[in-house]
1. Among the strands (runs of 3 or more DSSP E) confined wholly to the range 17-114, which include 2 or more residues that are farther than 19 Å from Gln128 by Cβ and of a type outside the set (S, T, N, Q)?
2. Quickly run through the range 80-136 and pick out the residues that are aromatic (Phe, Trp, Tyr) and either in contact with a Leu (Cβ under 8 Å, 6 or more places away or on another chain) or surrounded by 14 or more Cβ atoms within 10 Å (Cβ to Cβ) (or both).
3. Could you identify the single residue in Ile43, Ile37 that is in contact (Cβ under 8 Å) with a residue 24 or more places away in the chain, open to solvent by less than 10 Å² (accessible area, probe 1.4 Å) and in contact with a helix residue (DSSP H, G or I) (Cβ under 9 Å, 6 or more places away or on another chain)?
Amino acid sequence: MTPTQAARSLRVLVYSDDCETRAQVIGALGTRPSQSIPELSFIEVATAPMVFAQLDAGVVDAVIADGEASPAGGMGIAKQMKDELDPSPPVLVLLGRADDRWLAEWSRADAVAPLPVDPLGLPQAFVQMVEKRRNV
């Protein structure tokens, strides 16, 4: 990793049709949830087409997708990303129900966290996901 890459922030796309959910995700993560990963910058999007526009532009390092978003849910977004992008950035899906974990596995999400946003659990799950991807 070059010094420039080390200094660059990790660009996190936060997808939800609910602006409050996006704000809660960003508030829970802050700019540096762990010293083991770079500082975070955020790209907020409310629609699936904008998710893929940002991914196509190559400006996304990780994705947090609201599994309860409508009309396109985060699990469908994760599945489409994993099917169509190689490599795909790591994606964490926010689940409204713990019973939906099997759907998150189907979508090939790299991590999950509960909704409503858990201000302690979300950063932990996100950092673990990013660290795992960086060590692969």
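The values are calculated or read from the model by the stated rules, or taken from the named source; none is laboratory data. Computed from a predicted structure; not experimentally measured. A quick note on method: Cβ atoms are made from the backbone with ideal geometry, for glycine too, and the neighbour counts reach across all protein chains shown. Just the protein is used for accessible areas: all its heavy atoms, side chains included, with ligands, DNA and RNA removed. Shrake-Rupley method; radii C 1.70, N 1.55, O 1.52, S 1.80 Å.
1. Once the strands (runs of 3 or more DSSP E) in the range 17-114 are filtered for at least 2 residues that are farther than 19 Å from Gln128 by Cβ and of a type outside the set (S, T, N, Q), what remains is 40-45.
2. Phe126
3. Of the residues listed, the single one that is in contact (Cβ under 8 Å) with a residue 24 or more places away in the chain, open to solvent by less than 10 Å² (accessible area, probe 1.4 Å) and in contact with a helix residue (DSSP H, G or I) (Cβ under 9 Å, 6 or more places away or on another chain) is Ile37.
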